[in-house]
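Visitor: If you scroll down you'll find the structure; I have some questions about it.
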Amino acid sequence: MQRRGGPSGRGPQRGGGGGGRMDIASLEYAAQLADEKAANAGGAARRLLAYLIPFRSKLGLILVMVLTSAASQAVGPALIGMATDRFIKPNGDVTGLALTMGGLALVYAVGFFAARSQIALMGEVGQRLLSSIRVDIFQKVQRLPLGFFDKNPAGDLMSRLLNDTEVIQTFVGQALVQVLGSVFSLVGIIVAMLIQSPLLALVSFSVIPIMLIMTRIFSLWARDAYRRTRETIGDVSANLQEEIAGIKVAQAFNRTQAGQQEFARRNALNRKATMSATAITSAFQPLVDVLGTLATAIVAGYGGYLALQGRVSVGVLVAFVAYVQNLFRPLQLLSTAWTQAQASLAASERIFELIDTPIDLQDAPNAQPLPAVNGSVSFENVSFAYDPAKPVLNNVSFTAEPGQTVAIVGPTGAGKTTVISLLARFYDVTAGTVRVDGHDLRTVTQASLRSQMGIVPQDSFLFAGTIADNIRYGRLDATDAEVEAAATAANAHEFIARTKDGYQSKIGERGSGLSQGQRQLIGIARAILAAPRILILDEATSSVDTRTEVLIQSALNTLLKGRTSFVIAHRLSTIRQADVILVLDAGQLIERGTHDELVALNGLYAELYRRQFRYAQN
Amino acid sequence: MKHLRRSLIFLRPNTLLMTGAIISLVAVLVSNLLSPQYLQRAIDDGISAGNQSAIMNAVIMLLLLALLRGVFSFAQTYLLERISQNVAFDMRNLLFNKLSDLSFSYHDQQQTGQLMTRVTSDVEVIRQFVGQGLLNLVAAVITVIGVIIVLVATNWQLAIVELLSIPIIFALIGFFISKVRPLFGVVQSRLGALNTILQENLAGIRVVRAFAREPYEQKRYLTMNEALMDVNITINKRSSVAFPLTFLTVNVATLLVVLVGGIKVINGTITVGTLVAFLSYLVVLIGPVFGIGFLATAIGRAAVSAERVFEVLDARNEVEEKPGARSLGQIRGDVEFRNVVFKFAGAEQQALDDVSLHVPSGHTVAIMGRTGSGKSSIINMIPRFYDPQSGQVLVDGIDVRDVTLDSLRGNIGMVLQDTVLFSGTIRDNIAYGRPEATPDEVVAAARAAQADEFIGGFPDGYDTLVGERGVGLSGGQKQRVAIARALLLNPRILILDDSTSAVDAETEYQIQQALDKLMRGRTSFVIAQRISTVRNADMIVLLDEGKIIATGTHDDLLRENALYGEIVDSQLRKDEPVAAAEEAN
């Protein structure tokens, strides 16, 4: 609804003059829309229209209102013209004038009512449409294959979605009805003019092509200029962001002055670019005004000449002056509408593309809920590849007994993460079978599988909300006492109790305000609360301060106890405690056994181990 | 409001432009006021009197006036934008300079996003208001007054009928502002909440799926989406009354002017031309009236932004150079703390409590202690990132507050806890502290920091772009670039804070080697993570709750201090492979 000012450089978001909203008929607005076309504009338009089907009857009503409103705009000046001719003259007819004005009041009242209903209805339709697009996007996001998120970083995806929905919102919520209104009032005005004086009407229309051509040319100029404005303000923001984030380093290295000069330079470039854009847009409106006066002058000059000859009345002249003034805004809107329509179709197309992304991982039609499991896990000849040419896992087989801790080790890119992703069924195997308690994962529902599985990722993702909310994410119906018990078991209670609001402390965006170690402890508490039979742990590589490290280790020991656990391990202590160590290399399972067995084997594990040892000895 | 008035100083350098804008504004006003007069002449002297040449004269005058208005309204718009851009330009530079000079204690309490908003959004609001809105407001007021004078002078009764619309429009705008604008805030916060949920479901998708929380997330999202839609529809309903109602007001004003004016024409009090001129003035009047209404309400928003901007500009810089501070010159690297007491702004406890310490040139000091014991505070006092509340920090016997910041920090190399690299090439980043360094020196520094090898692995080598638009370096690679950056300064004093985290064992080993090389022969302060560093240190300083509780060598402290034993114990556990490997051999 509201467009915020601010040089974000993203969308057409410059508020004008403090009014808050930008006039969507203005050159600036159209020029700031990204210059792009939908690959299949017709298809995108049909999809967008499909969203409107539930609102058929409302749309019908809107159409009636738009027509009524346009008609009232055409009739108004004609009534004033009529009054001028018949009644407004020395010794004219006061009663007749009063009656005509009564009629005019009625026309205005109808016009008000129509405009009001049309705005209210269309706004509502726009909002509901946008809301259902948002829901569709969200539901899709929840079902997209994880591979999609590897290819599309969350930040990019987010800003694209925000931008695209906003473009659609403006178009559907505001522009569409205005454009529709413009077409009808334009037609109404043109018809009214032609009826009253075809000759004068045609002569007056001569400015229309000039207006259209001029708008087109200015749009093209403005578009280039605004692209540069966007780029330069983007540079300013990027520089600002980086310098503020790195201010301590800049001060440590005596670079603040150089930083200030660089900022001033980019700032100046932005000012220069903005001024060239302004030169174009600020010339446009005066030109339109001059053109408007030219049209009025034509009406007055040629119309006056016709009036003297008695071929038109003074009343018609008065009406024409009003008509000509009302002609320009619809024309302007129509000429920028095309750009807007294209931008919003391109935006819709991208959104539909997301909605149409195939989901490769669905519950089988006859999928059964997985019953409560003991926690035995087996991989039988499992292979996996995102891309058939590049296998990631190749014929991996192993079995884990209930309660065992399995450490997975290997160099970067060996396929460690893939093994645990397949176990959680984030991906489906390309060949072979993954079984839990003998059930092929593909025959059970995903929800029932994952509800018996706990995952502690390297960097514990925290949601906006309180600390308690984040722990309770492991089991939504947990009581406060259970949340606290889980936090205590995870060695997190101590630091939580020390925060100002304890468990009710708000966590900032992505856990800001908490140290990395504290975030890990909350992630562990979350998994403890979920009390899963099978646990997957991607051990963090980053070192935290030594005390926290001890706390994390002991919390993890609590967590692993009695569960079938798979650990991508980086710490030797974890690895040595494991019941089985799986050594992966280039997608193959090449060694398995306990620490001592594998050291004795003197293979890859022994080599990895020695490398760690080499650093430690120095 | 005080702050808004203060922000007017940004207009001061623009006097010439403002004079130009005011001249243009007057020219536009004259044209606006004269045009309806010629329209009246065209009708009364031309059409009604049957005089063709009077019509033509009036029409030509109308066109000339339109051209005049066109040229000057272009000038007015352009000049106002220029002024407002100058205001924004100066304001942004001033803010940026202030921010980059403010000491750590200020930045500790601020978030990047918050500061960004001030330099971008707040400046934008003030730009629009001070740079454009204010002068437009003046122009609108003058235009309205001018039209009122002309109308009253022509026919005061009809003028009153026409001017009645002004208070009504103001009232409608007031209604709109009070009923609708507060809802915009609600929309922003609900939209923000909705987007946070979406963002979390994009960034945290693995967690959502791992815990099978899709239905829960969906419910959260749908609820917020519904709430957002509701408030948007409410806004729309209220606007749908407000806007057509203002148009209705204008239309009713037209109608009344035609009715009352028409009766006057019938009575012979005024001519048809005067009536048409009155209608024409109505058009001239409406734009500025709307402008005044909306601009008047923008004042509040601009005042808030001005306050936020001046909050930054007025922030006290805790660390400022003394007037007449001298340059430190080449130092030996002797560092002394004398009874230093330091407290973070807003903190209750002292971060450093009467710390005294002398480190002779060339010695390596390992600083140990629990989280929050004051380790970082100690090292931050040396480059004067903070000033102590009492006591002194001396370098080569000179109080750090008596020398210029540049000369002090130029002698100190730092590898900070979070390694920040800037957009640019790897070479730029290594030469960050000494941009004039030769390519050979850069390579030498990189080699010493064990970074040369991986840099050579990039297709563009040292010219590889890093940062926002460049390649992403791993944590360990970033750290080695940061070490090279510190090495290139060839500083006498070296400060290392927690400098190896987020790397695998192999990298850690390489970094360790680079650091050992870096410390050789310099006065070094290390917040130690590794037992090997501690063993090699000339002195270990053990901190607890801001106090130095023990100093000495590793063996001394191990014997004498229980806390040290506890810390080393947990440290040793991390280095377990040492013990394990020793047994194995």
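The values are calculated or read from the model by the stated rules, or taken from the named source; none is laboratory data. It should be emphasised that the depicted structure is a prediction, and the values quoted were computed from it without experimental measurement. Positions of Cβ are generated from backbone atoms using ideal geometry, with glycine treated the same way; all protein chains shown enter the neighbour counts.
Visitor: Conditions first: (1) over 39 Å from the mean Cα position of the chain (by Cα); (2) small (Gly, Ala, Ser); (3) modelled with pLDDT under 75. B:GLY552 passes all but one, so which condition is the exception?
Guide: Of the numbered conditions (1) over 39 Å from the mean Cα position of the chain (by Cα); (2) small (Gly, Ala, Ser); (3) modelled with pLDDT under 75, the odd one out for B:GLY552 is (3).
Visitor: I would also like to ask the following. Checking B:THR269 against (1) over 30 Å from B:SER189 (Cβ atoms); (2) part of a helix (DSSP H, G or I); (3) touching a residue at least 40 places away in the same chain (Cβ under 8 Å), only one condition comes out false. Which one?
Guide: Status for B:THR269: all satisfied but (2).
Yes/no matrix, rows are residues, columns are (1) surrounded by fewer than 22 Cβ atoms within 10 Å (Cβ to Cβ); (2) assigned to a strand (DSSP E or B); (3) touching a helix residue (DSSP H, G or I) at 6+ places or on another chain (Cβ under 6 Å); (4) touching a residue at least 24 places away in the same chain (Cβ under 8 Å):
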residue	(1), (2), (3), (4)
A:PHE379	no, yes, no, yes
A:VAL396	no, yes, no, yes
A:VAL419	no, no, no, yes
A:ASP428	yes, no, no, yes
A:ARG442	yes, no, no, yes
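Visitor: With respect to B:ARG92, is the statement that it is more than 9 Å from every other protein chain (Cβ to nearest Cβ), under 16 Å from B:ALA306 (Cα atoms), surrounded by 17 or more Cβ atoms within 10 Å (Cβ to Cβ) and of a type in the set (Lys, Arg) true?
Guide: It is false that B:ARG92 is more than 9 Å from every other protein chain (Cβ to nearest Cβ), under 16 Å from B:ALA306 (Cα atoms), surrounded by 17 or more Cβ atoms within 10 Å (Cβ to Cβ) and of a type in the set (Lys, Arg).
Visitor: Take residues that are hydrophobic (A, V, I, L, M, F, W, C) and tell me which of the helices (runs of 4 or more DSSP H) falling wholly in region B:86-155 contain 2 or more.
Guide: Where helices (runs of 4 or more DSSP H) fall fully within region B:86-155 and carry at least 2 residues being hydrophobic (A, V, I, L, M, F, W, C), they are B:112-117, B:123-126, B:134-154.
Visitor: Which of the residues spanning region A:149-177 are buried (at least 19 other Cβ atoms within 10 Å of the Cβ) and among the aromatic types (Phe, Trp, Tyr)?
Guide: Across region A:149-177, the qualifying residue is only A:PHE171.
Visitor: Moving on to the next point. When you check A:LEU99 against the structure, is it without any contact (Cβ under 8 Å) to a residue 24 or more places away in the chain and more than 50 Å from the chain's Cα centre (by Cα), yes or no?
Guide: Yes; evaluated as a whole, the condition is true for this residue.
Visitor: Of the residues in region B:101-131, how many are among the polar types (S, T, N, Q), over 15 Å from A:ILE233 (Cβ atoms) and buried (at least 19 other Cβ atoms within 10 Å of the Cβ)?
Guide: Residues that pass the stated criteria total 2.
Visitor: Could you please let me know if A:GLN241 is within 7 Å of chain B (Cβ to nearest Cβ), part of a helix (DSSP H, G or I) and surrounded by fewer than 20 Cβ atoms within 10 Å (Cβ to Cβ)?
Guide: Spelling it out, A:GLN241 is indeed within 7 Å of chain B (Cβ to nearest Cβ), part of a helix (DSSP H, G or I) and surrounded by fewer than 20 Cβ atoms within 10 Å (Cβ to Cβ).
Visitor: Looking at (1) under 30 Å from B:THR77 (Cα atoms); (2) surrounded by fewer than 22 Cβ atoms within 10 Å (Cβ to Cβ); (3) facing another protein chain (nearest Cβ under 8 Å), which one does A:SER276 not meet, given that it meets all the others?
Guide: Here A:SER276 clears every test but (3).
Visitor: Could you give me the residue pairs with C-beta distances under 8 Å whose first residue belongs to region B:439-451 and is in contact (Cβ under 8 Å) with a residue 60 or more places away in the chain and at positive phi, whose second residue is assigned to a helix (DSSP H, G or I) and surrounded by fewer than 16 Cβ atoms within 10 Å (Cβ to Cβ) wherever it lies, and which are 6+ apart or on separate chains?
Guide: Pairs that qualify, where the first residue is in contact (Cβ under 8 Å) with a residue 60 or more places away in the chain and at positive phi and the partner is assigned to a helix (DSSP H, G or I) and surrounded by fewer than 16 Cβ atoms within 10 Å (Cβ to Cβ), are B:GLN450/B:GLN513.
Visitor: Next question, about the same structure. Given the residues A:ARG450, A:ARG472, which is the only one that is buried (at least 22 other Cβ atoms within 10 Å of the Cβ), out of contact with any Asp or Glu (no Cβ under 7 Å at 6 or more places or on another chain) and more than 10 Å from chain B (Cβ to nearest Cβ)?
Guide: After applying the criteria, what remains is A:ARG472.
Visitor: Right, another one. Out of A:ASP35, A:ASP23, which single residue is surrounded by fewer than 17 Cβ atoms within 10 Å (Cβ to Cβ), under 24 Å from B:ARG181 (Cβ atoms), modelled with pLDDT under 70 and outside the structural domain of A:ASN163 (by TED's automatic domain parsing)?
Guide: Just one listed residue meets the conditions, A:ASP23.
Visitor: Find the residue count for region B:52-76, including only residues that are in contact with a Ser or Thr (Cβ under 7 Å, 6 or more places away or on another chain) and more than 7 Å from chain A (Cβ to nearest Cβ).
Guide: Counting residues in region B:52-76 that are in contact with a Ser or Thr (Cβ under 7 Å, 6 or more places away or on another chain) and more than 7 Å from chain A (Cβ to nearest Cβ) gives 5.
Visitor: Moving to a separate point now. Does B:GLY46 satisfy being more than 30 Å from A:GLN251 (Cβ to Cβ), surrounded by fewer than 17 Cβ atoms within 10 Å (Cβ to Cβ) and at the interface with chain A (Cβ under 10 Å from one of its Cβ atoms)?
Guide: no
Visitor: Consider B:ARG384 carefully, then state whether it is at the interface with chain A (Cβ under 10 Å from one of its Cβ atoms) and at positive phi.
Guide: The answer is yes for B:ARG384.
Visitor: Here's a follow-up. Just give me the residues in region A:297-331 being out of contact with any Ser or Thr (no Cβ under 9 Å at 6 or more places or on another chain) and within 7 Å of chain B (Cβ to nearest Cβ), in sequence order.
Guide: Across region A:297-331, the qualifying residues are A:ALA297, A:ALA300, A:GLY301, A:GLY304, A:TYR305, A:LEU308.
Visitor: Answer with yes or no whether A:GLN325 is assigned to a helix (DSSP H, G or I) and out of contact with any Leu (no Cβ under 9 Å at 6 or more places or on another chain).
Guide: For A:GLN325, the condition - assigned to a helix (DSSP H, G or I) and out of contact with any Leu (no Cβ under 9 Å at 6 or more places or on another chain) - is met.
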